[in-house]
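S.K.: Could you have a look at this structure, given as structure tokens, before my questions?
The values are calculated or read from the model by the stated rules, or taken from the named source; none is laboratory data. Worth saying up front: this structure is predicted, and the values here are computed from it rather than measured. Cβ sites come from the backbone with ideal geometry, for glycine too, and all protein chains shown count toward neighbours.
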Amino acid sequence: MSRKLPPLLGLRVFECVARHLSFTRAADELCVTQAAVSHQVKALEDWLGAPLFQRLSRTIKLTEMGESLVGPLGQAFDLMAAATGQALDRDQVTPLTVATFDSFSSAWIIPRLSRFRERFPDIDVRFIAKRNEDDALSSGDADIEIRYGSGAWPNLQVEKLMGESVLPVCAPALIERCGKPRTLADVAEFPLLHDVFSIDWAEFLHHFDVAGVNVRRGFGFSHSHLVKQACLEGHGLALGRWPLVAEEVGRGELLCPFEETLMLDDAYYVVCRRSNSDEAHIKAFAYWLLDEGEQFLNQYGPSPT
């Protein structure tokens, strides 16, 4: 059925002026000039063939026709806003975007995601890979970042997730092949694996006053999860990052052949912008992640010793 409707823009402008009883405040709300507001109201009055306002010396007042229109129009605009809001909520929900390291998401987050889905089935999450120097929050690429460092990031909401320690780990098959070591100096008898992101063998051995080991030999990888995979396959002895290897050690898939463990100063943090830190989906993921971190530390501790 055909509808005879006046100009919709004119109706919107009229309703705004009627709420404020001010052309100036209506112009401010609509982000247009006062002249544009006056023009739209005049066009609507011409279409209706009757004035909508009485222009008094210092104010305006609704005419009888204006009074008859303002209530129904307000309700109509409220209905339109509610309808479009429901449509957006249903069809255009923006997923939460989390920037994190490949190795951390692979070894630590992904195995726990089923518990997040159980708690928050309506929140969709998109994970994007980042380097330590990336700032996905400032660029607008992410809502939350998992960062590694000192925690000194001003003007951001920062919550510590967990610290990190490193220690030598290897597959049981490597011990069978190379023999059980007695002291850390026996590292010299093992093939080595290198994680270019983490602390290297030279720094680790120097910390424990072990010298004379050729730390350049062996395979090196640019991601910690690749180092762990090579270690699980028995290709060498690696400096395992405890949050990323604790579960494999707990299952006996990796062994800790030495007692030496080095606790690092840097830690993992959950970081977001303060301006949106109270948004429900951001708080949900952040608090879930912090709960998981607490459970991990209760079960495995910050290091194996």
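S.K.: Output the residues belonging to the stretch 234-256 that are within 28 Å of the chain's Cα centre (by Cα) and either over 22 Å from Arg131 (Cβ atoms) or not in a helix (DSSP H, G or I) (or both).
M.R.: Gly240, Arg241, Ala246, Glu247, Glu248
S.K.: Among all residue pairs at least 6 apart or on different chains, which show Cβ distances below 7 Å where the first residue, located in the stretch 240-269, is among the basic types (Lys, Arg) and the second is crowded, with 17+ Cβ neighbours inside 10 Å?
M.R.: Partner pairs satisfying both residue conditions: Arg241/Glu164; Arg241/Val166; Arg241/Ser198; Arg241/Ser224.
S.K.: Any chance the stretch 156-175 includes a residue that's in contact (Cβ under 8 Å) with a residue 60 or more places away in the chain, touching a Lys or Arg at 6+ places or on another chain (Cβ under 7 Å) and of a type in the set (S, T, N, Q)?
M.R.: So far as the stretch 156-175 goes, yes, one or more of its residues are in contact (Cβ under 8 Å) with a residue 60 or more places away in the chain, touching a Lys or Arg at 6+ places or on another chain (Cβ under 7 Å) and of a type in the set (S, T, N, Q).
S.K.: Next up: Residue check, Ala202 against (1) under 20 Å from Leu262 (Cα atoms); (2) under 35 Å from the mean Cα position of the chain (by Cα); (3) in contact (Cβ under 8 Å) with a residue 24 or more places away in the chain, all met but one. Which one?
M.R.: (3)
S.K.: Name the single residue that is farthest from the chain's Cα centre (by Cα) among those in the stretch 209-233 being in a loop (DSSP other than H, G, I, E, B) and surrounded by fewer than 16 Cβ atoms within 10 Å (Cβ to Cβ).
M.R.: Looking at the filtered set, the residue picked out is Gly212.
S.K.: Another question, then. Take the residues of the stretch 91-137 that are assigned to a helix (DSSP H, G or I) and among the hydrophobic types (A, V, I, L, M, F, W, C): which is farthest from Glu279 (Cα to Cα)?
M.R.: The residue in question is Ala107.
S.K.: Right, Val210: more than 15 Å from Val169 (Cα to Cα) and of a type in the set (A, V, I, L, M) or not?
M.R.: yes
S.K.: Step by step: first the residues of the stretch 116-136, then only those that are surrounded by 17 or more Cβ atoms within 10 Å (Cβ to Cβ) and at pLDDT below 90, then the one that is nearest to Ile282 (Cα to Cα). Which residue is that?
M.R.: Step by step, filter the stretch 116-136, then rank; the result is Ala136.
S.K.: Out of all the residues in the stretch 179-192, is one or more surrounded by 19 or more Cβ atoms within 10 Å (Cβ to Cβ), part of a strand (DSSP E or B) and modelled with pLDDT of 95 or more?
M.R.: Scanning the stretch 179-192, I find at least one residue that is surrounded by 19 or more Cβ atoms within 10 Å (Cβ to Cβ), part of a strand (DSSP E or B) and modelled with pLDDT of 95 or more, so the answer is yes.
S.K.: It is to be established whether one or more residues within the stretch 147-155 are among the aromatic types (Phe, Trp, Tyr), surrounded by fewer than 17 Cβ atoms within 10 Å (Cβ to Cβ) and either at pLDDT below 90 or part of a loop (DSSP other than H, G, I, E, B) (or both).
M.R.: Within the stretch 147-155, one or more residues are among the aromatic types (Phe, Trp, Tyr), surrounded by fewer than 17 Cβ atoms within 10 Å (Cβ to Cβ) and either at pLDDT below 90 or part of a loop (DSSP other than H, G, I, E, B) (or both).
S.K.: Follow-up question, since we're still on this one. Report yes if some residue within the stretch 265-274 is in contact with a Pro (Cβ under 8 Å, 6 or more places away or on another chain) and either surrounded by fewer than 17 Cβ atoms within 10 Å (Cβ to Cβ) or among the hydrophobic types (A, V, I, L, M, F, W, C) (or both); otherwise report no. Reasoning before the result, please.
M.R.: Initially, the stretch 265-274 is screened for residues in contact with a Pro (Cβ under 8 Å, 6 or more places away or on another chain), giving 268.
After this cut, where a residue has to be either surrounded by fewer than 17 Cβ atoms within 10 Å (Cβ to Cβ) or among the hydrophobic types (A, V, I, L, M, F, W, C) (or both) as well, the list is none.
There is no residue in the stretch 265-274 that is in contact with a Pro (Cβ under 8 Å, 6 or more places away or on another chain) and either surrounded by fewer than 17 Cβ atoms within 10 Å (Cβ to Cβ) or among the hydrophobic types (A, V, I, L, M, F, W, C) (or both).
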